[in-house]
Amino acid sequence: MRIRTIVTPPGWTACILCLCALLAIDSALAGTTEAAPQSRRQVLHAPAPNATPAAPRLPERSPFSKAEQDVAVVPGMPRARFWADSEQDFIAMLPPLAGPWLILSAGGSDGAYSAGILSGWTQTGARPDFSVVTGVSTGAMLAPFAFLGARYDETLRTLYSTITSADVFEVGGKGESLLDTWPLRDLLAKHVTPQLLAEIAAEHSRGRRLFVVTTNLDAERPVAWNMGEIAARGDDAALKLFREVLLASSSIPGAFPPVYIDVEAKGRHFQEMHADGGMGGAFFLAPSSLLSRMHAAPLPASEFYIIVNSKLAPDFHVTERNTLTILGRSISVTLKTTTRAALEAAHDYAARNAIGFHLAYIDETFDKESRGSFDPGYMRALIDLGADQGRRGSAFRNEPPRVASQQDHSQQDHTTASCRWAAIDCGTLQ
């Protein structure tokens, strides 16, 4: 049975739709009544021809306490990370001098838009050296290269114009997910090299900061990783951790396997389970409590440049009467609303503290169709869009979108568009 592809919202949440699709198959087997539970059990447990063997039983995890979690650190790298929802921890990691910040959002293959903007911006000669760069999910993949500046523009353009789903995942999980991300691990090993870490460490020593966000599923809290601090360690353990953090930040729970990170606390060693950073929001600027407080201390920032790798405007479409489409539309509404609310909070904080606010997002008039997850033609079109806007200086707006004043011109076909926010194609599930 092939599951029809539908439009899904940003980041990790697309996995919900795929899981719901599997539940829908199970529900369909139940029929329309509860009159024949025995026959249903026979259907569910009957051996299927050529059935795929069940995934092997996974080993039990070593237990640990909340008290241990609260003080856990990466061995040999005590400043490698901090709780992303803690104002005190966040402020302690910031650079000493003010400068422009670059914030890169989630968005799967739509991260091509950021790659385009950055390369076009470079061509103007006005692209700054950012004092802080943050990334979530696909933004985490972009962030190290954006942090190092124009010399990596071509790397980003190549990655986001040639990558396919086969470079990211293959169908068939191992008990923790629907898909396996060994191809993405290999891709990271190719591009995240000792030389890349040495360059990031050098910039970190100058006072610049690179943060990538994951979600600690055990603690149910976001974690920000101080990637320059990790890079400064400079050994094989640092290289391994750097790659693991990038992989974890893009690991959609249920769809992609989580990433286990070794830590220690109170003399005990154990592993934390980390997954997609987008669970805490499409982008990371600062703890939300800090942004919302009227008299919060000003951040060392002269400008906020936020690139949201998605559309933000409402997308009118008569919703079909089926479970998956209704779920998809409902989650899309929720995430667009929360992202716009987060942008409003960032804008208000910037206005109160005389910080420049600049926001880029994919305009609703962009109507190129994607033929599946990581369609090179679609991504090249997004790169071209971003590069043109970057060259012309038209990428950034000075305030969040005002929904009431927008008119929706989108005619996107929701029955064939890809799950590109989540970096997966639900149609690959059979």
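Key figures for this structure:
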{"quantity": "Gained length - Arg392 relative to Lys66, 0.36 nm times residue gap less alpha-carbon distance", "calculated": "112.2 nm"}
{"quantity": "In sequence order, calculated HN-Hα J values of segment 162-176 (Karplus, 6.51, -1.76, 1.60; Hz; x Gly/Pro)", "calculated": "10, 5, 10, 4, 5, 7, 10, 8, 10, 5, x, x, 10, x, 10"}
{"quantity": "Linear extension gain, Ala219 paired with Tyr260, 0.36 nm per residue minus alpha-carbon span", "calculated": "13.4 nm"}
{"quantity": "Calculated P(r) tail over 16 Å for segment 152-252, as whole % of Cα pairs", "calculated": "64"}
{"quantity": "Charge sum, other residues only, whose C-beta stays under 12 Å from Ala150's C-beta, Lys/Arg counted +1 and Asp/Glu -1", "calculated": "0"}
{"quantity": "Summed residue charge, Cβ within 11 Å of Tyr260's Cβ, Lys/Arg positive, Asp/Glu negative", "calculated": "-4"}
{"quantity": "Segment 110-206: relative contact order in percent, alpha carbon pairs under 8 Å with at least 6 residues between", "calculated": "22"}
{"quantity": "Protection proxy ranking of 231-238, 206-213, 367-374, 90-97 - average other beta-carbon atoms within 10 Å, highest first", "calculated": "206-213, 367-374, 231-238, 90-97"}
{"quantity": "FRET E, pair Lys368, Ser330, Förster distance 35 Å, beta-carbon r, rounded to 0.05", "calculated": "0.85"}
{"quantity": "Cβ-defined net charge surrounding Trp83, 12 Å radius [Lys, Arg +1; Asp, Glu -1]", "calculated": "-3"}
{"quantity": "Estimated distance in nm for a label pair at Thr164 and Met294, the labels positioned 7 Å out from Cα along Cα-to-Cβ", "calculated": "5.8"}
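No value in this document is a laboratory result; all are computed from the given coordinates. Just so you know, these numbers come straight off a predicted model, no measurement behind them. Every residue, glycine as well, gets a Cβ built from its backbone with ideal geometry; the counts of neighbours run over all protein chains shown.
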